[in-house]
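First the structure, in the form of structure tokens, and then the observations on it.
The values are calculated or read from the model by the stated rules, or taken from the named source; none is laboratory data. Keep in mind the model is a prediction, meaning the values are calculated, not measured. Quick reminder, even Gly has a Cβ in these numbers, built from the backbone with ideal geometry, and neighbours come from all protein chains shown. The area values use the complete protein model at the heavy-atom level, side chains included, leaving out ligands, DNA and RNA. Shrake-Rupley method; radii C 1.70, N 1.55, O 1.52, S 1.80 Å.
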Amino acid sequence: MAAPGPSQQALEVFYRVAAELGDTAIERGRMMGRPLLKRSGTMFACLNGELIGLKLGAGTPEHSGALALPGAELFDPGGAKRPFKDWVSIPVDLADDCVTFAGFALAHVAAP
């Protein structure tokens, strides 16, 4: 399945998220054609169309908080109804929330 193409706004929000995290160890990359962010080789954010998927850890307060946002859902990049249980997708329209929860995702993957 082809990756949904993000809008220019979605790309701008995604790269704003990366910049605002302020961590020089963040690397950009691609997964199945989608832009992603990783730290120490571990992916923690992925742009899927107009949604930013964030690795927050199933059962954490951050995961539950992200799912409570309007339009948020479990991250299912292939659209095959097999979502990543540790991930939540947040609409790019909620740019400030994307930045906040990306910080939690970064902390989640950076934790020892």
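A few points about this structure:
- Computed over the chain, the Cα gyration tensor eigenvalues convert (square root of 5λ each) into semi-axes of 18, 16, 14 Å, ordered from largest to smallest.
- Carbon plus sulfur fraction of accessible area for the chain, probe 1.4 Å, in percent: 54
- With contacts taken as Cα pairs under 8 Å at a separation of at least 6 residues, the chain carries a relative contact order of 27 percent.
- Region 53-112: trypsin sites (Lys or Arg not before Pro) in DSSP coil with no more than 13 other Cβ atoms inside 10 Å: Lys81
- Gaussian network model of the chain, Cα within-10 Å springs - most flexible of Glu50, Glu12, Glu62: Glu12
- The 3J(HN,Hα) values that the Karplus relation (6.51, -1.76, 1.60; θ = phi - 60°) gives for region 95-103 are, in residue order, 3, 5, 5, 4, 5, 4, 6, 5, x Hz. Gly and Pro appear as x.
- Computed extension length for Leu69-Ala107: 11.7 nm, one decimal, from 0.36 nm per residue of separation with the Cα-Cα distance subtracted.
- Residue-normalised accessible area of the chain, expressed per residue, 1.4 Å probe, Å²: 51
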